[in-house]
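Data block below; observations after.
The values are calculated or read from the model by the stated rules, or taken from the named source; none is laboratory data. Model, not experiment: these values are computed from the prediction. Glycine gets a Cβ as well: all are built from the backbone with ideal geometry, and neighbour counts include every protein chain shown. Only protein heavy atoms, including side chains, enter the accessible area calculation; ligands, DNA and RNA are left aside. Shrake-Rupley method; radii C 1.70, N 1.55, O 1.52, S 1.80 Å.
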Amino acid sequence: MTKSEALTKVPAVTLGFWIIKILATTLGETGGDTVSMSWLGETTPTAGQGGLNGYLVGTAIFGVLLIALVWAQVRARVFNPWLYWATIIASTTAGTTLADFCTRSLGIGYPGGSLLLLGCVLGSLLVWYKATGSISVASIVSAREETFYWITITFSQTLGTALGDWFADSGLGYGGGAAVFGAALAVLAALYFRTGLSRVALFWAAFILTRPLGATVGDFLDKPVANGGLALSRPIATGVLLAAIVILIVVLPQRAGAHPGTPAPEPGPA
């Protein structure tokens, strides 16, 4: 293992990375809804009667888990695929409940929530760039860069939930919303292979768009048939998605790597 591999604690960005990422974002939707809606009753007639907001409680639960995993990820000395993907899942479940709290409980709606969260993502990337001179994952070789990385990821996961719900509820439905975001990702893939556009910009655009794709697919799986969903059990759907992710982590090669098209940091002194 090279010095750069030892310090780069994010996985190589491959097709397998994107498959697991989309499954993780879908799991984040079904898992977050399982806690806030099914277990804490946010979609039942008695929602809020106990004085607790299910979206806020769910955000607190997943937020504590996310903070603990990010702390462990930053403290880790080498890339650990189980720790990395557990942190991604925690960020996407926390993003689901936080987005629902912002758009529904705070009453700012999907457009307002999406614009607010887009500003948070862009602001996080701007501060990261101003502080370190790069927002490429190849530059993540210290706790500072890694902290910026996870803050940006959490904002992007939250934005994706609000954006997915906005498109689905605008008349497209869950299937239509998934088709739109899937097509957008296909365009980004074409731009990656056929143009010289910034690989860093394309990476973050794709990373953000996988979240609303997962959100619409997750909602399609567990929302009522009358609303355009399949009405599958949220806990069961979550368990199946988690099992699929575990299998893929075991089967697919998992190694530390830099952003595609971006040179890895030069090995430094021992």
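A simple spin-label model places pseudo-atoms 7 Å from Cα toward Cβ; at ASP169 and ARG75 they are separated by 3.9 nm. Convex hull volume per residue, computed on the Cα atoms of the stretch 50-194, equals 143 Å³. Rounded to the nearest 10 degrees, the inclination of helix 234-251 to the longest alpha-carbon principal axis of the chain is 20 degrees. The packing ranking of peptides 194-200, 236-242, 210-216, highest mean first, is 210-216, 236-242, 194-200, where packing means the average number of other beta carbon atoms within 10 angstrom of each residue.
Where the centre of each part is set by its Cα atoms, how far does the stretch 68-97 sit from the stretch 116-193, in angstrom? Distance between centres, Cα-based: 17 Å.
When only Cα pairs below 8 angstrom with a gap of at least 6 residues are kept, the stretch 130-262 shows a relative contact order of 29 percent.
The angle between the Cα long axis of helix 173-194 and the longest principal axis of the Cα atoms of the chain comes to about 10 degrees, rounded to the nearest 10.
What's the whole-number percent of alpha carbon pairs in the stretch 81-124 lying beyond 15 angstrom? Distances greater than 15 Å cover 52 percent of the Cα pairs. Heavy-atom accessible surface of TRP150, to the nearest 10 Å², is about 10 Å², with a 1.4 Å probe and all protein chains retained.
Roughly to the nearest percent, how much of the accessible area of the chain is carbon and sulfur, given a 1.4 Å probe? Don't skip to the end; give the middle numbers.
Values: 8700 of 12180 Å².
C and S fraction of accessible area: 71 percent.
Rounded to the nearest 10 degrees, the inclination of helix 199-222 to the longest alpha-carbon principal axis of the chain is 30 degrees. Placing dummy labels 7 Å off each Cα toward the beta-carbon, the span from VAL64 to ILE19 is 3.6 nm.
Averaged over residues, the count of other Cβ atoms within 10 Å places the peptides 119-132, 98-111 in the sequence 98-111, 119-132, highest first.
Of the peptides 81-90, 176-185, the order by per-residue mean of other Cβ atoms within 10 Å, starting with the highest, comes out as 81-90, 176-185.
In the chain, how does Rg compare with the Kirkwood Rh, expressed as the Rg/Rh ratio over alpha carbon atoms?
0.97
For LYS130, the aspartates and glutamates whose Cα falls under 12 Å of its own Cα, not counting residues fewer than eight places away in the same chain, are GLU145.
What does the charge count around GLY173 come to, taking other residues whose C-beta lies under 11 Å from its C-beta (Lys +1, Arg +1, Asp -1, Glu -1)?
On the way: positive: LYS223; negative: ASP169, ASP219.
Computed value for this residue: -1.
Size descriptors for the stretch 161-214: radius of gyration and Dmax over Cα atoms are 12.0, 35 Å.
Entry note, the chain: the mean residue ellipticity at 222 nm calculated from DSSP H runs of n ≥ 4, each adding -39500 (n - 2.57), is -23000 deg cm²/dmol after division by the residues and rounding to the nearest 500.
In the context of the full set of protein chains, the chain has a per residue accessible area of 45 Å² (1.4 Å probe). For VAL240 and LEU122, the FRET efficiency from 1/(1 + (r/R0)^6), where r spans their Cβ atoms and R0 equals 30 Å, is about 0.30.
In debye, nearest 20, what is the charge dipole magnitude of the chain about its Cα centre with +1 on Lys and Arg Cβ and -1 on Asp and Glu Cβ, if you could check?
Around 660 debye, computed over the chain.
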